[in-house]
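Everything on this sheet refers to the single structure shown next.
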Amino acid sequence: MLKINEVAKIYNLKESTIRYYDKEGLLPTIKRDDNNYRYFNENDLEVFNVIRCLKNSGMSINKIKEYMIMAKQGDKTIKDRYEFMLKHKEDILKKKQELEESLKLVNYKITLYENYLKKQ
């Protein structure tokens, strides 16, 4: 079992971020002791990894909640979760394309500036 400060250190996050995820209902299986301290087991860390992946890939907290509610309902939501992930994949690929286009422009500008600076 890991304490919140250990999980924060592992994932390079603030403890307040983890508390926020918990408060928002994204970490429903976390155990608490008599002093209300959170403790994370292996399953909690797996769930936390999914949450971080979704968040890092641009998903809103509300959409993550929607996914977590489906996951909590078990196998009867597998088709819905599959479709949910397919849609998120489309969103990621679109964002990736937008970032690639932005990177091309940034690289173009860098090249222009480098050429200008070389001439001086």
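The values are calculated or read from the model by the stated rules, or taken from the named source; none is laboratory data. Quick caveat, the model's predicted, so the values are computed rather than measured. Positions of Cβ are backbone-derived with ideal geometry, glycine not excepted, and every protein chain shown enters the neighbour counts. The accessibility values were calculated without ligands, DNA or RNA, using every heavy atom of the protein model including side chains. Shrake-Rupley method; radii C 1.70, N 1.55, O 1.52, S 1.80 Å.
Condition check ((1) exposed (fewer than 10 other Cβ atoms within 10 Å of the Cβ); (2) under 19 Å from Val7 (Cα atoms); (3) within 16 Å of the chain's Cα centre (by Cα)) across all residues:
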| position | (1), (2), (3) |
| --- | --- |
| Asp33 | no, yes, no |
| Ile51 | no, yes, yes |
| Gly74 | yes, no, no |
| Lys95 | no, no, yes |
| Ile110 | no, no, no |
| Leu117 | yes, no, no |
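State all residues of the stretch 53-69 that are of a type outside the set (Lys, Arg), more than 8 Å from the chain's Cα centre (by Cα) and open to solvent by 60 Å² or more (accessible area, probe 1.4 Å); if no residue qualifies, say none.
Scanning the stretch 53-69 gives Asn62, Glu66, Ile69.
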Give me the pairs, please: first residue somewhere in the stretch 1-28 and in contact (Cβ under 8 Å) with a residue 12 or more places away in the chain and over 10 Å from Phe40 (Cα atoms), second residue anywhere and part of a helix (DSSP H, G or I) and of a type in the set (Val, Ile, Thr), beta-carbon distance under 7 Å, and either six or more positions apart or on two chains. Ile18/Ile4; Ile18/Val7; Tyr21/Ile51; Glu24/Ile61; Leu26/Ile51; Leu26/Ile64
Being outside any helix (DSSP H, G or I) and under 28 Å from Pro28 (Cα atoms) is the filter here, so list the residues in the stretch 67-120 that pass it. Gln73
